[in-house]
Amino acid sequence: MLKGKSVLVTGASRGIGRTIAIEFAKQGANVAVNYAGSEAKAKEVAEELKSYGVQAFPIQANVSHEDSVKAMVKEVIGAFGSLDILVNNAGVTRDNLLMRMKEEEFDDVINTNLKGVFLCTKAVTRQMMKQRAGRIVNVASIVGVSGNPGQANYVAAKAGVIGLTKTTAKELASRNILVNAVAPGFISTDMTEALNEEQKEAMLSVIPLDRFGEPEDVAKVVRFLASDDASYITGQTIHIDGGMVM
Amino acid sequence: MADVFDRVKEIIVDRLDVEEEKVTLEASFKDDLDADSLDVVELVMELEDEFDMEIADEEAEKINTVGDAVNYINSVS
């Protein structure tokens, strides 16, 4: 159903972003694979996407720099001739207790995880307004809803993304641009691999479905929100967390 | 090539779906032509494409009437 659609996924060289890119390629969509530093990995992802018979290419950009974002969006539209779907996924963590958190750690996370969403959204809006159609899916986090010790910067950014999603949805609804967010809980990635058994047990005890999510659990919801099936949904944040936060 | 005002008028009529007679130099986009803020942003985008120019946000914010748009375009082209 997404055949021939053009998609830009930020932070798509690994983790959830990579899985989202693959999910779109499986549906026949052409995908631009944005990365900040991992060029080799982004190239690998693009090659993998092409094996599904779609167009794909890696594209470098620092989402927290406006010029960099503008150049990326211009290049993607040049290559695909349109831009139907933006997935704001790029994110970093700099965890620390509030009392120990340096200003720089706070700023880094806000700049990439929140300002990056603003800049990418702003940059694609012109094209989507002209098309009178567009979908934007922001990857927030369940901690943006619940809070989480040690992640003041990350939580503030993700809560900000949820607010930004609602405002953007209201501003652009009249132009048929739908904006939603997903809020993943604990998803099996490199990050959860690093936890010890005790930490894992503690986490599972608060997840009604009693398992960690898989990147595919997130990617499928993102794909749904970008599809025609979701044409009456905007401004929402879908929790993908096994029921952890209700 | 048509005069700047005529080209601007054509875009406004097309985009805002208003009578051509209402599009005077004095007409305010919001008060007289029923445009909302987003319509004005969109019009500015179309003017940029039509006249192959970039209008900075600070300048775009000063465009309230049809005459403002025409004057701005004339001043830079």
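Restricting the chymotrypsin sites (Phe, Trp or Tyr not before Pro) of the range A:60-161 to loop positions (DSSP other than H, G, I, E, B) with no more than 11 neighbouring Cβ atoms within 10 Å leaves nothing.
Within the straight-line cut-off of under 21 Å between alpha carbons, the lysines reachable from B:Lys22 are B:Lys9, B:Lys30, B:Lys62, sequence neighbours fewer than 8 places apart in one chain being disregarded. What the Cα convex hull of the range B:37-77 gives, in volume per residue, is 62 Å³.
Taking accessible area as the heavy-atom solvent-accessible surface of the protein chains with a 1.4 Å probe, which residues of the range A:128-149 lose no less than 50 Å² upon going from the isolated chain to the full protein assembly? Correct list: A:Met129. Radius of gyration (Cα atoms) of chain A, expressed as a multiple of 2.2 N^0.38 Å: 0.96. One Cα centroid belongs to the range A:185-246, the other to the range A:110-146; the line between them spans 19 Å.
For the range B:60-70, backbone phi angles converted through the Karplus equation (6.51, -1.76, 1.60; θ = phi - 60°) give residue-by-residue couplings of 4, 5, 8, 7, 10, 10, 4, x, 4, 5, 4 Hz, Gly and Pro being listed as x.
Taken over the range A:1-158, lysine pairs spaced eight or more positions apart, or on distinct chains, with alpha carbons under 18 Å apart number 17. What the phi angles of the range A:33-46 give under the Karplus curve with 6.51, -1.76 and 1.60, with θ = phi - 60°, is a coupling list of 9, 6, 8, 9, x, 7, 4, 4, 5, 5, 4, 4, 4, 4 Hz, glycine and proline written as x. In order along the range A:10-24, the Karplus-derived 3J(HN,Hα) couplings, from 6.51 cos²θ - 1.76 cosθ + 1.60 at θ = phi - 60°, round to 7, x, 9, 7, 7, x, 5, x, 5, 5, 5, 4, 5, 4, 5 Hz, and Gly and Pro are given as x.
Axis angle, to the nearest 10 degrees, between helix A:116-131 and the longest C-alpha principal axis of chain A: 30 degrees.
The values are calculated or read from the model by the stated rules, or taken from the named source; none is laboratory data. None of the values given here were measured: they were computed from a predicted structure. Every residue, glycine as well, gets a Cβ built from its backbone with ideal geometry; the counts of neighbours run over all protein chains shown. Surface accessibility is based on the protein's heavy atoms, side chains included, excluding ligands, DNA and RNA. Shrake-Rupley method; radii C 1.70, N 1.55, O 1.52, S 1.80 Å.
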